[in-house]
Each structure stands twice: as C-alpha cells, then as structure tokens.
1. Looking at segment 19-26, is at least one residue among the hydrophobic types (A, V, I, L, M, F, W, C), at pLDDT below 90 and either closer than 19 Å to Ile110 by Cα or assigned to a loop (DSSP other than H, G, I, E, B) (or both)?
2. Does Tyr111 meet the test of being touching a residue at least 60 places away in the same chain (Cβ under 8 Å) and either more than 18 Å from the chain's Cα centre (by Cα) or open to solvent by 20 Å² or more (accessible area, probe 1.4 Å) (or both)?
3. Among the residues of segment 255-284, how many are closer than 16 Å to Asp234 by Cβ, open to solvent by 60 Å² or more (accessible area, probe 1.4 Å) and in a strand (DSSP E or B)?
4. Given (1) in contact (Cβ under 8 Å) with a residue 24 or more places away in the chain; (2) touching a strand residue (DSSP E or B) at 6+ places or on another chain (Cβ under 7 Å); (3) not in a helix (DSSP H, G or I), identify the lone condition not met by Asn92.
5. Restricting attention to segment 114-124, and to residues there that are over 13 Å from Leu14 (Cβ atoms) and in a loop (DSSP other than H, G, I, E, B), which single residue is least open to solvent (accessible area, probe 1.4 Å)?
6. May I ask you to verify whether Ser77 is of a type outside the set (A, V, I, L, M), surrounded by fewer than 15 Cβ atoms within 10 Å (Cβ to Cβ) and at pLDDT 95 or above?
7. Can you tell me which residue in segment 240-252 is modelled with the highest pLDDT, limited to those that are open to solvent by 40 Å² or more (accessible area, probe 1.4 Å) and more than 13 Å from Tyr208 (Cβ to Cβ)?
8. Give me the strands (runs of 3 or more DSSP E) completely within segment 125-239, filtered to those with at least 3 residues that are open to solvent by 50 Å² or more (accessible area, probe 1.4 Å), more than 26 Å from Leu259 (Cα to Cα) and free of Cβ contacts under 8 Å to residues at least 24 places away in the same chain, ordered by residue number.
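The values are calculated or read from the model by the stated rules, or taken from the named source; none is laboratory data. Every value quoted in this text rests on a predicted model; they were computed, and no experiment measured them. Here the Cβ is made from the backbone with ideal geometry for all residues, glycine too, and neighbour counts use every protein chain on show. The area values use the complete protein model at the heavy-atom level, side chains included, leaving out ligands, DNA and RNA. Shrake-Rupley method; radii C 1.70, N 1.55, O 1.52, S 1.80 Å.
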Amino acid sequence: MIKEIPVYLFTGFLGAGKTTFIQDILEADDFNQGERTLLLCCEEGEIEYDPSRFAFNNVFIETVEDEDDLTPELLISLEKKHDIDRAVIEYNGMWMLDVLFGAMPEGWMIYQEMTFSDATTFLMYNQNMRQLTFDKMKTAELNVFNRCEKGFDKMAFHKEVRIANRRAQIVYEYGPDDVEPDMIEDPLPYDMEAEIITILPEYFAEWYRDINENCGNYDGKKIKVKGRVGTSDDLPDDKFIFGRHAMTCCVEDIQFAGLIAVYDKAPELENGEWIEITAEVREEYEDAYREDGPVLYCLELSGTEPVEPEVATF
C-alpha cells in the first residue's frame, strides 16, 4: 500500500521570507502534532534554521543543492530514511516547478502551496525573469507580498497574480503581525447577464480560463465568440475542438486552448479555419476531458476573418 505524504510547498526568490515563515510554523504547536517531518531545503538562504526552537524534535533537515539531484529516487530514499509523515519543501526560486512535480513519488501530493515575494523587488524580477515569477504564481493558493509600505499602489501586484491565477489569495505584509488581505474585485470584462454573452477577441483568454474554473456559472447560457477549428480522429462525427492558441507567460508556452463543441456538420469544417459561433454552454461529462466540463452546443456557426493578434494572451 502506497503511503500518502502531504507536501507543504513554499516558493519564492532568495530573500523573499520563506525561511522565516517556515521557522515560525515549525515552532507553532498548532502545526505540529508529532508528525515526522522532512524539511527539504533547495537553496541556501540568508537565514539559517534553528531546530532547537521547533515545537518537536522530529523535523529532519535535508538539502538539495543541484536541480538535477531532485529525483523520485532521492525523495523515496529520504522518505524511507526518516520514516516521514509529511514533507515541508523550501523550493529554489530559480528552478521551475515542473522539476519538482516530475520528481514527486507516487503518494506524494501537494497539500498546500504558498509563494513569497519581496514587494520592493517583485516588479523588477517579474519584468526581467517573467517565466520564473509566473511559474511560482500559477499554482500557489496564497501569494504573500512582504516588506510592503503603507499606502503603496497594490494594483500592479494584484494584476500580475490574477494573470497567473484568478483563485489565489493575496496578502500584503507590512511587518510582524501587520498583514492586509487583498480586497480588489475582479469583474469579468463581459456581461454575464446578457441574453447572449459576447466575448470580444481581446477577452478570449480570460473567458477561457473562467469558463474552465467556474463552469457552473455558464451552464445553460448562450455565448458568441470567435475562434478556430481543431479536428481529431478521436472525436465522434458531431464534435470538434473550438479554441485559439494562447500564451500564458512567454512564446515557449503557447498552446491551443480548446473546448469541445457539438455541431451536426462538424465533418465539413477544416482544421485551423476561423469561425464565429453562437452556442449554448452545458456543463456535462465529456470523454475528452475525462470529467465534467464546458461543452459548446453550436446554435449558429459561420466563417470569419482571423482576429488580431491571432494568439490570445492572459
């Protein structure tokens, strides 16, 4: 039987405050009920851990200095070496998260993910190392901006998090025990109460993300949107893939963002052609998704000119 190992993942660049936060939670009684804990450090921070202050003496600190050393074999060996119940990982901000996710053995699962950023350097890092900052924000449940100053403009920080992740919580830390939650609202750029919800080309990416994250909000509603045809031999004759190429972070991650569409003349469509559809959205199980998801039942379909730019951006 595979043992389940919950993983608490903390990400962010060097000096962002990860070590201090982890030290604090390992000192707290409410985070510790005697679990044997692996503390895996993937970078040498400016602050060192003080195990003498941990709530229990069953925290086992290990380090990984090289990205190539982070493998399933290593993690399995550490699990067996210390007979752990859980893992706390301080991840290197210069490593992509896919390295860690690909190294996690069967049974290891992300239980909570938080990313930390120094507010005084975040915007500069985001401009110069966009792929790395985006990588840490896209799956984090909580984004912590520390070293904030009272009265600063939060909108630039808020927007960058929301581009990567609409569901994540955001907090701004001004000092010890002085934390402010982000309260900026994110209205959708189209009218969800319209008889037919019209998605302008510049809002395709936001619509695509929201309909996947909040499919129930669209169930039974009609939408009008432009996109391209994608064909697949694996689909039945009355279905095709409707979508657009989309870029979340940089050119390297462009991919086709598509949804299953139902249309009785689907075999007449050409792969890649631009169309405009009016469709009713239904939330239902779809084999291509292997779960419930949005399916577009086409009411009207016509050819259209390509939109500019052709690649949608988040």
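1. The initial filter retains those residues of segment 19-26 that are among the hydrophobic types (A, V, I, L, M, F, W, C), namely 21-22, 25-26.
Subsequent filtering for residues that are at pLDDT below 90 retains none.
Within segment 19-26, not a single residue is among the hydrophobic types (A, V, I, L, M, F, W, C), at pLDDT below 90 and either closer than 19 Å to Ile110 by Cα or assigned to a loop (DSSP other than H, G, I, E, B) (or both).
2. Working: touching a residue at least 60 places away in the same chain (Cβ under 8 Å): yes; either more than 18 Å from the chain's Cα centre (by Cα) or open to solvent by 20 Å² or more (accessible area, probe 1.4 Å) (or both): yes.
Yes; evaluated as a whole, the condition is true for this residue.
3. Initial filter on segment 255-284 (closer than 16 Å to Asp234 by Cβ): 256, 258-262, 266-267, 269, 271.
After this cut, where a residue has to be open to solvent by 60 Å² or more (accessible area, probe 1.4 Å) as well, the list is 256, 267, 271.
Next cut, in a strand (DSSP E or B) only: 256.
Residues meeting the conditions: 1.
4. All conditions are met except number (2).
5. It comes out as Ala119.
6. Details: of a type outside the set (A, V, I, L, M): yes; surrounded by fewer than 15 Cβ atoms within 10 Å (Cβ to Cβ): yes; at pLDDT 95 or above: yes.
Answer is yes for this residue.
7. Going through the qualifying residues, I end up with Glu252.
8. Values: elements: 142-146, 169-175, 178-181, 196-199, 222-230.
The qualifying strands (runs of 3 or more DSSP E) are 178-181.
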